[in-house]
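For reference, the structure is listed below as structure tokens.
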Amino acid sequence: MLKPIYEITNKLLFNIKKIGTIVFELNNKRFPEIVLYELERSAREISAHASTSIEGNPLLLTDVKQILKTKPEYLRDSEQEVINYNEALFYLNKEIDSSTIKFNQKLILSIHKKVVYKLVPEYQLGKIRSEPVFVNNPRTGDTIYWPPDHKDVKVLVNDLVDFVNKNRGKIDPLIIAGIFHKQFVIIHPFMDGNGRTARLLTKTILADMGLNTFNLFSFENYYNRNVTRYFNNVGVLGNYYDLTESINYTSWLEYLTDGIIDELLRVKKILSEVSISPKTELMDYHIKILEFIEKKSFIRDKDYSKLTERAKATRSLDFKHLIDMGLIERKGKGRSTYYQLKTK
């Protein structure tokens, strides 16, 4: 069983209390659905850009937004990475909202499969590695970390999952999330996609903070602002078997909570500038239109008619409402008319 070493320092205690205060403030306010929808979409764009950028993806945020909007048929690996990450986020947000998510090895493998879809050989998709890996210094090419042997990985992952599930309600979710993130990176259970998978899974644990607007949150952005600092904090140097008994998580937990505060304050600032009015409300049927476009990149009236029992004239008003709100735009004419998300 994993027995992580960490200390509740004054700084870490201060950060946990500050996060609790901000979460309480956000949960006790009501915000327009249109604003929440836009912020959720923006958070996924920022997360997809930041998390893949950490791993060396060269695409700019503007490129990522365009790719997620249009979903081109033929994708380079760099484009496939952001599509994969966005779809994994979309899936996790839905699972978290519906409270059906179970934190187990099955979830870990399914998220990894989404992250590396079309990017690794078929036999590696959602599969624990069956061969050794090494972490090299990108500048010198020298090996700086030797992860655990592949024969030990499944047991280590199961121990980590047990740690998360057995300590829910006993240890603050911020600490559980931080320990999971660092330990997952240390175990390095996959041949590729470890960092992206770790950051996505960390989000599912952070959802236990009780933040109702969790899907507006993009903590990966903080890491991406100083990638060297992130790697220095989350990683370790040397041979796993020489280090495992002495790894201390304290400084990483302080760094993690610094980033969460930074992101919560960003979201809080945006939300404090908006207010609810009839013009900013979205109904369930509006959400259905937007979610369909998120998945397919466009929607036609005949697509919408299959999602709702609303009459044709009313459906036209629904599209107009979303156009007037600046969320979608109309393309084509007559029977060729379709709607896409509007690029900001």
- [ ] Quick one: compute the contact order of the chain, relative version, from alpha carbon pairs under 8 angstrom and 6+ residues apart, as a percent.
- [x] 25 percent
TODO: Quick one: grab the alpha carbon gyration tensor of the stretch 282-341, order the square roots of its eigenvalues as a ≥ b ≥ c, and give me rounded if a/c is under 1.5, else prolate or oblate depending on whether a/b is larger than b/c.
DONE: rounded
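Given just the C-alpha atoms of the stretch 81-154, how large is their convex hull per residue in cubic angstrom?
On the way: hull volume 9.2 nm³, N = 74.
Enclosed volume per residue, from the Cα hull, is 124 Å³.
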TODO: Specify the inter-centroid distance of the stretch 207-222 and the stretch 14-28, based on alpha-carbon positions, in whole Å.
DONE: 12 Å
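From the C-alpha coordinates alone, can you work out the Kirkwood hydrodynamic radius of the stretch 215-344, in Å?
Numbers: mean 1/r = 0.0530 Å⁻¹.
Computed over the stretch 215-344, the radius equals 18.9 Å.
Take the Cα radius of gyration of the stretch 193-288 and divide it by 2.2 N^0.38 Å, with N its residue count; two decimals is plenty.
Details: Rg = 18.0 Å, N = 96, 2.2 N^0.38 = 12.5 Å.
Normalised Cα radius of gyration, the stretch 193-288: 1.44.
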Open item on the list: As I understand it, the value is the acute angle between the Cα axis of helix 61-70 and the longest principal axis of the Cα atoms of the chain; what does it come to in degrees, rounded to 10?
Closed with: 50 degrees
Open item on the list: With angles folded into 0 to 90 degrees, how steeply does helix 173-187 sit against the dominant principal axis of the chain? Use alpha carbons for both and round to 10.
Closed with: 70 degrees
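Give me Rg over Rh for the stretch 104-194, both radii from the alpha carbons and Rh done the Kirkwood way, two decimal places.
Details: Rg = 14.2 Å, Rh = 14.2 Å.
Checking Rg against Rh, the ratio lands at 1.00.
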Open item on the list: From the alpha carbon gyration tensor of the stretch 1-160, can you work out the equivalent ellipsoid semi-axes (sqrt of 5 times each eigenvalue) and give them in Å, largest to smallest?
Closed with: 29, 26, 18
- [ ] Provide, for q = 0.16, 0.21 Å⁻¹, the log10 of I(q)/I(0) from a solvent-free Debye sum over equal Cα point scatterers in the stretch 8-103.
- [x] -0.87, -1.07
Task: Approximate spin-label separation Thr308-Ile171, in nm, with each point projected 7 Å along Cα-to-Cβ - done: 4.7 nm
TODO: Would you mind checking the tilt of helix 150-167 against the longest principal axis of the Cα atoms of the chain, expressed as 0 to 90 degrees and rounded to 10?
DONE: 70 degrees
- [ ] Would you mind computing, in nm to one decimal, how far apart the modelled labels at Asp77 and Arg335 are, each placed 7 Å from Cα along Cα→Cβ?
- [x] 4.4 nm
Open item on the list: As an exercise, find the ratio Rg/Rh for the stretch 1-54 from alpha-carbon atoms, using the Kirkwood inverse-distance average for Rh.
Closed with: 1.15
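What FRET efficiency would be calculated for the residue pair Ser297, Ser251, taking the C-beta separation as r and a Förster radius of 45 Å, to the nearest 0.05? The partial results should precede the final answer.
Values: r = 43 Å, r/R0 = 0.95.
Once rounded, the FRET efficiency stands at 0.60.
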Task: Percent of alpha-carbon pairs separated by more than 25 Å within the stretch 122-257 - done: 27 percent
Open item on the list: Let me test this: with uniform point scatterers at the alpha carbons of the stretch 10-272, what is the Debye-based log₁₀ I(q)/I(0) at q = 0.07, 0.09, 0.14, 0.15 1/Å?
Closed with: -0.23, -0.39, -1.00, -1.17
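May I ask which of Lys17/Lys268; Lys118/Lys182; Lys3/Lys151; Lys203/Lys295; Lys302/Lys331; Lys312/Lys333 have a Cα-Cα span longer than 18 Å here? Let's see the in-between values first.
On the way: Lys17/Lys268 16 Å; Lys118/Lys182 26 Å; Lys3/Lys151 21 Å; Lys203/Lys295 21 Å; Lys302/Lys331 15 Å; Lys312/Lys333 16 Å.
Over 18 Å Cα-Cα: Lys118/Lys182; Lys3/Lys151; Lys203/Lys295.
Run the numbers for Ile270 and Glu55: contour at 0.36 nm per residue of separation, minus the present Cα-Cα distance, in nm. It would help to have the intermediate numbers written out before the result.
Working: separation 215, 0.36 × 215 = 77.40 nm, distance 2.83 nm.
Residue separation times 0.36 nm, minus the Cα-Cα distance, leaves 74.6 nm.
Where a number appears in this text, it was derived from the coordinates with a stated rule and is not lab data. In this text, all values refer to a predicted model and were calculated from it rather than measured experimentally. So basically every Cβ, Gly included, is an ideal-geometry build from the backbone, and we count neighbours across all protein chains shown.
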